[in-house]
1. Of the numbered conditions (1) modelled with pLDDT of 90 or more; (2) within 45 Å of the chain's Cα centre (by Cα); (3) surrounded by fewer than 14 Cβ atoms within 10 Å (Cβ to Cβ), Trp87 fails exactly one; give the number of that condition.
2. Taking the criterion of being surrounded by fewer than 19 Cβ atoms within 10 Å (Cβ to Cβ) and within 22 Å of the chain's Cα centre (by Cα), would at least one residue in segment 186-203 satisfy it?
3. Being aliphatic (A, V, I, L, M), over 28 Å from Arg160 (Cα atoms) and modelled with pLDDT of 90 or more is the requirement here; does Val97 meet it?
4. Just to be sure before I move on: is Thr372 assigned by TED's automatic domain parsing to the domain that holds Val209, modelled with pLDDT of 95 or more and surrounded by fewer than 22 Cβ atoms within 10 Å (Cβ to Cβ) in the structure I sent?
5. Looking at segment 34-53, can you tell me whether even one residue there is outside any helix (DSSP H, G or I), in contact (Cβ under 8 Å) with a residue 60 or more places away in the chain and of a type in the set (Gly, Ala, Ser)?
6. Output the qualifying pairs, or none if there are none: Cβ atoms under 9 angstrom, residues six or more apart or on different chains, first residue in segment 326-337 and closer than 11 Å to Val388 by Cα and among the charged types (D, E, K, R), second residue assigned to a loop (DSSP other than H, G, I, E, B) and at pLDDT below 95.
7. In segment 463-482, what count of residues is obtained for those that are at pLDDT 95 or above, under 15 Å from Leu259 (Cα atoms) and of a type outside the set (A, V, I, L, M, F, W, C)?
8. If we keep just the residues of segment 198-235 that are aliphatic (A, V, I, L, M) and assigned to a loop (DSSP other than H, G, I, E, B), which is nearest to Val411 (Cα to Cα)?
Amino acid sequence: MGVLALLPACTALQGVIRAVVLWAVVALLFNSRRVLLALFLPVVMLFPAAVYYISISGTPPGYPLWLILFYCSVPVVVGYVRPVLPWLCVWIGIWTVLAGFYLARPRGPVVQWGIPARLGAVAALLAWIVVPTVRLWQHLPPTRGGTENPMVAIHSRFDRAWPWGMATGYVAARRETRRVTDMARRISHEPIHFLTPPRPDPRQVIVLVIGESARRDHHHIYGYGSPTTPEMEQVDSLLHFDDMVTPFDYTVGAVPVILSGYDRLRPGGGPGHDLVSVFNAAGYDTWWISNHPRLGPYDSVIGAYSEQAHHIAYTTVHDGLMSSPVLDERMLPVVDDAVTGAKGPVFIVLHLFGSHENAGDRYPRGFGGLGTAYDNSIAYTDHMLAHVVSTLHAHGGPAVLFYVSDHGVRVSECSGGIPAHGDVRAAYEIPFYLWASAAWRAIHPQADQAAHDNLHAPFMLSAIPGSVLDAADLHYVGDGREQSVLSARPARPRRIIHGDSSANQNVDYDHSHDDGRCHIAPD
């Protein structure tokens, strides 16, 4: 039973070591074979379920599983366990009988030590576990500890140590559900008072494509050497703005800025109306189509925004609740259906997985010819965008597509050539495209001219919500249109970006540089 209790922890050496230590603490505290075997029993009974979960996710059950249980209905949960349920029932029956026979007879102590020796050993083992965990808590990065879920970092010390990762995972998941509930509560649900009543063209389609981890200087359309953007460069009337900056180098900070202008690290700010809710109020049919996980430490907050849409489609494995994203092209049929099947004006948010780590997993074999995995992933995103533009062009009505990446990554800066998240200056420099159909441009000649005039103007990611609303002629007090790229004289606020340490948490991008350790720093 001891071997079976430890086997699911064998996905990592640290998992085995920590599981053994924690079981040793239990054994020494109670010093009873009957008690120890009684505690082993439920863990052994769940052995087939744990192995099945490992086959799906690569790790023992823990934090992600609790999120599924907390967020999903009973039929969905049953759907997950149905393949293993018959075997699990037989297994539980066998071990119930075996354990009953064993526990029916008196058993001796685990060790023949005296109480002082056992308590000393328990104290030493607990110190080995507890002290590093406390130190980890004390040294959480400032930009993460207060605004993200610190229990995820704590749980990661035990996520492979089955079954103890179930306990830390439960605490992390409970905190996550409270965090998402709080985020959803902060998203403004106040009535939207438009300055003029919305009268959208019944055929109008507005598409906001949120890219992932794509930095501007690896796009051929911006002057990069490799041909990473061949298809979009052939698109008529495409505008590419060459000075867009994001305030965050990670998704969970950047996407709320794109959707509502909310920078959670700027003092005095708060979530305003999000784009999906505004388009709902204006009578649009709203879609959220994503290849990101629906739940998780870096996804649940964004999921709170997605819940505002009329139609929600997650194309990741298991409907975005667990496992890895598939290729982004899985979203294209959903986009096509949303456009061609529209019975009125439509607003679509398309959230790509783009060039996220590991970049080599983000594109099919046919896009592997540019030399580096990161560049290949950029070229694949280019193909995705060209397909969406083609669909909008075939639709024939007024249509606008916005594409902006949430952030970039380190590519060669202190990364050993492996693209990874990091706060180098180039990671804040992102691509921003605008494409509008001939029908839309005919209706909005002044906005179209303003966009051309602003191609080289400095913009911050917070300009996106106002620009999208401007394209749809939706205006209300505080809508951010003063920063819109479609404005004749857009406002130019200081471009404050947030690094990954307390020393560079708020840096004026326009007066910054990379230090010797590949972090953005003020001049």
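The values are calculated or read from the model by the stated rules, or taken from the named source; none is laboratory data. No experiment lies behind these values; they were computed from the predicted model shown. Virtual Cβ from ideal backbone geometry, glycine too; neighbours counted across all protein chains shown.
1. So the condition that Trp87 fails would be (1).
2. Yes: segment 186-203 contains one or more residues that are surrounded by fewer than 19 Cβ atoms within 10 Å (Cβ to Cβ) and within 22 Å of the chain's Cα centre (by Cα).
3. yes
4. Considered against the rule, which asks whether it is assigned by TED's automatic domain parsing to the domain that holds Val209, modelled with pLDDT of 95 or more and surrounded by fewer than 22 Cβ atoms within 10 Å (Cβ to Cβ), Thr372 comes out as no.
5. No.
6. So the pair list comes out as Glu329/Pro364.
7. Adding up the residues that qualify gives 4.
8. Out of the qualifying residues, it is Ala214.
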